[in-house]
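Bear in mind that the values in this text are calculations on the coordinates, not laboratory data. No experiment lies behind these values; they were computed from the predicted model shown. Neighbour counts are summed over all protein chains in view; Cβ atoms, including those assigned to glycine, are modelled from backbone coordinates with ideal geometry.
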Amino acid sequence: YWPPQYTTMDGLTLEPLKVVSTRGMTVDTQEFHPEPRVAAIVASHEHPEFIVNVKETGQIQ
């Protein structure tokens, strides 16, 4: 477990496909945040897509 990242995995094998860093600038004050946490991951019921909400930076990826 390492807070400033999330990993996408293959749904059948759970093999890691991609590790994405969540480090970045906050949207309000543009300050660098070294360890923003993933607050929520929400999947679509209609399409093969999802949204990741990054807590401290206020970003949605």
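Out of region 31-47, which residues are free of Cβ contacts under 8 Å to residues at least 24 places away in the same chain, out of contact with any Phe, Trp or Tyr (no Cβ under 8 Å at 6 or more places or on another chain) and of a type outside the set (A, V, I, L, M)? Those that are free of Cβ contacts under 8 Å to residues at least 24 places away in the same chain, out of contact with any Phe, Trp or Tyr (no Cβ under 8 Å at 6 or more places or on another chain) and of a type outside the set (A, V, I, L, M): E31, F32, H45, E46, H47. Among the candidates T57, T8, T13, T29, the residue that is under 12 Å from the mean Cα position of the chain (by Cα) and in a loop (DSSP other than H, G, I, E, B) is uniquely T57.
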